[in-house]
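Here the structure comes first, spelled out in C-alpha cells, and everything after it is commentary.
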Amino acid sequence: MRLHHLAIQVPDLDAAVAFYGDVLGLQTLRRQPHAVWVDAGGTILMLERCREGGDADDPWERADAGPFVVAFAIAADERERWRNRLAEAGVSIHHASAFTLYFRDPWGTRLALSHFPTPAPTADRAE
C-alpha cells in the first residue's frame, strides 16, 4: 500500500500555491475553485480551502483542521541546499534532527524535509 493523497486545509489558495509551488517546488496538477492539487513526488497533495463558519464538532467542516506533520523525502546531500532555500524564502526551521528539518507553512501546518534512514553529512550533524 502507498499513500494516494494527502489533503491540507488552508485559508488562502493563492498563497498556498505560492508556498508549496514557489518555495517547495511542487508542480500544480489540477486547480478547482475550492482546491489545488500538487505533485509531491508522485503523491497528490491537495490544498483545500478551509470552510468558513464550519461546525466545530464535524472534522470535515473545521476551519482549523490540518495534519500533524507532512514529511517530504529529500536526499541527505540536499539538506544544506534545502536549509538555504527555506532561509532565503524567510521560512524558519523550528527543529532539526540527524535526518529531518522541521518548519511550518504560512498557516502553521508542520512540515518536514527528511532523508531517513541516511544520516546528514557529518558537517551538519552538530545540531
>> Counting pairwise Cα distances across the range 66-127, what percent come out greater than 20 angstrom?
In response: 19
> Amide H of residue 7: which non-local residues (sequence gap of 5 or more, or other chain) have their own amide H closer than 5 Å, using H built in the peptide plane?
Replying inline: 46
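What per residue convex hull volume, in Å³, comes out for the range 1-51 when only alpha-carbon positions are used? Walk me through the intermediate numbers first.
Values: hull volume 3.5 nm³, N = 51.
Dividing the Cα hull volume of the range 1-51 by its residues yields 69 Å³.
The numbers here are math on the coordinates, done by the rules we state, and not lab data. Just so it is clear, the structure is predicted and the values come from calculations on it, not from any experiment.
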